[in-house]
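Q: Could you have a look at this structure, given as C-alpha cells, before my questions?
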Amino acid sequence: MSAEFDISFFAPIDYTVPADDDIYPGQSPSTDVANNRVKTDLNLAIGKALTANQIYLYVPPTLNITFTPQKIHIVDGDKCTTDNTYVVNEGTVIYKCVIAGTTVAPSGTGSTARPRRAAPRRRDATSNVKPRPFAQSMTVIATTTQPLFEQQWTKIARSVQQALEDKKLLFDDEIQVVLL
C-alpha cells in the first residue's frame, strides 16, 4: 500500500546550500548533506507519526522523496536590499528578494504563495528590491507492506506536519495525501 504526500513549505536553513563560497550559519555545505537532512527528518517524522497514531508496522515504510535543495545566498538582517538574495526568519527561509516588478515563477521549488503562519512584514532599505514569499515543494511516496486506510494516512500526514514544524518548517498548506 502506498500514499503520496504533497508538501508545500518554507524551508529551514539546513535544507538549502550556498549559491557561492559564502556559507550562511546552519546552511548545508552540499546538496548531499541537505538531502540527507531532509531524509532523516522525514524518517523521524514518519516514525513519530506512526507511534502517535498507534499504528504499528512490522516493517517501517519505505520513503521515496522528491526534493531539490536550493542554492541560495542568504543575507544577514531582515530586510531585502539586494536582488536574488534570501531572508531568514527564526531559522526558516521566508523571502526571496527581487527587483520590484519582477515575478517569482512557481517552479515546484519556489512559489509566490503565502506562508500559513504569517511572517512579519518587511520594510526595505532599497525601495526597488522587494520581498517575495519563497515556498518550497516536496513529494514523498510512502510504501508499507501492510495495508492502511485513507483515514490512517491522513492522520499520519497531520502528525508528520506537526513533527516537521518542530524542525523549523513553516507550511504553506496542509499536507495533501493521495492513495496510490
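No lab work stands behind these numbers, since they all come straight from the coordinates. All values reported here derive from a predicted model rather than from experimental measurement. Ideal geometry is used to build each Cβ from the backbone, glycine not excepted, and the neighbour counts take in all protein chains shown.
Q: Which of the residue pairs LYS39/LYS167; LYS39/LYS79; LYS39/LYS155; LYS48/LYS167 have a Cα-Cα distance greater than 23 Å in the structure shown? All intermediate terms of the calculation are to be shown ahead of the outcome.
A: Details: LYS39/LYS167 13 Å; LYS39/LYS79 31 Å; LYS39/LYS155 20 Å; LYS48/LYS167 13 Å.
Going by Cα-Cα distance, LYS39/LYS79 fall outside the 23 Å limit.
Q: Efficiency by 1/(1 + (r/R0)^6): what FRET value for THR143 and LYS71, r their Cβ-Cβ distance, R0 = 25 Å, to the nearest 0.05?
A: Values: r = 30 Å, r/R0 = 1.21.
The value I calculate is 0.25.
Q: Still on this structure: Rounded to the nearest 0.05, what FRET efficiency do ALA52 and ASP32 have when you use their Cβ-Cβ distance and R0 = 30 Å?
A: Numbers: r = 30 Å, r/R0 = 1.00.
For ALA52 and ASP32, the calculated efficiency is 0.50.
Q: Something else: Return the long-range amide H neighbours of ASN89 (sequence gap of 5 or more, or a different chain), with a cut-off of under 5 Å between placed amide H atoms.
A: Excluding prolines and chain starts, which carry no amide H, the hits are ILE94.
Q: Let me ask something else about it. For GLU90 and LEU179 in the same chain, what is the full-extension length gain: residue separation times 0.36 nm, less their Cα-Cα distance, in nm? List each step's numbers first, then the result.
A: Values: separation 89, 0.36 × 89 = 32.04 nm, distance 3.43 nm.
Going from the current span to full extension adds 28.6 nm.
Q: Between GLU150 and LEU63, with labels modelled 7 Å along Cα→Cβ, what's the label distance in nm to one decimal, could you check?
A: Reported label-point gap for GLU150 and LEU63 is 2.5 nm.
Q: Per residue, how much space in cubic angstrom lies within the convex hull of the C-alpha atoms of the chain? Don't skip to the end; give the middle numbers.
A: Working: hull volume 19.1 nm³, N = 180.
In the chain, the Cα hull volume divided by residue count equals 106 Å³.
Q: Tell me which GluC sites (Glu not before Pro) from the range 125-174 have a DSSP coil assignment and no more than 14 other beta carbons within 10 Å of their own.
A: Answer in residue order: GLU174.
Q: Right, here's the next one. Report, in degrees rounded to the nearest 10, the 0 to 90 angle that the Cα long axis of helix 150-165 makes with the longest principal axis of the chain.
A: Helix 150-165 sits at roughly 40 degrees to that axis.
Q: Out of residues 5 or more away from PHE10 or on other chains, whose amide H comes under 5 Å of its own, with H placed 1.01 Å from N in the peptide plane?
A: Correct list: GLN136, LEU170, PHE171, ASP172.
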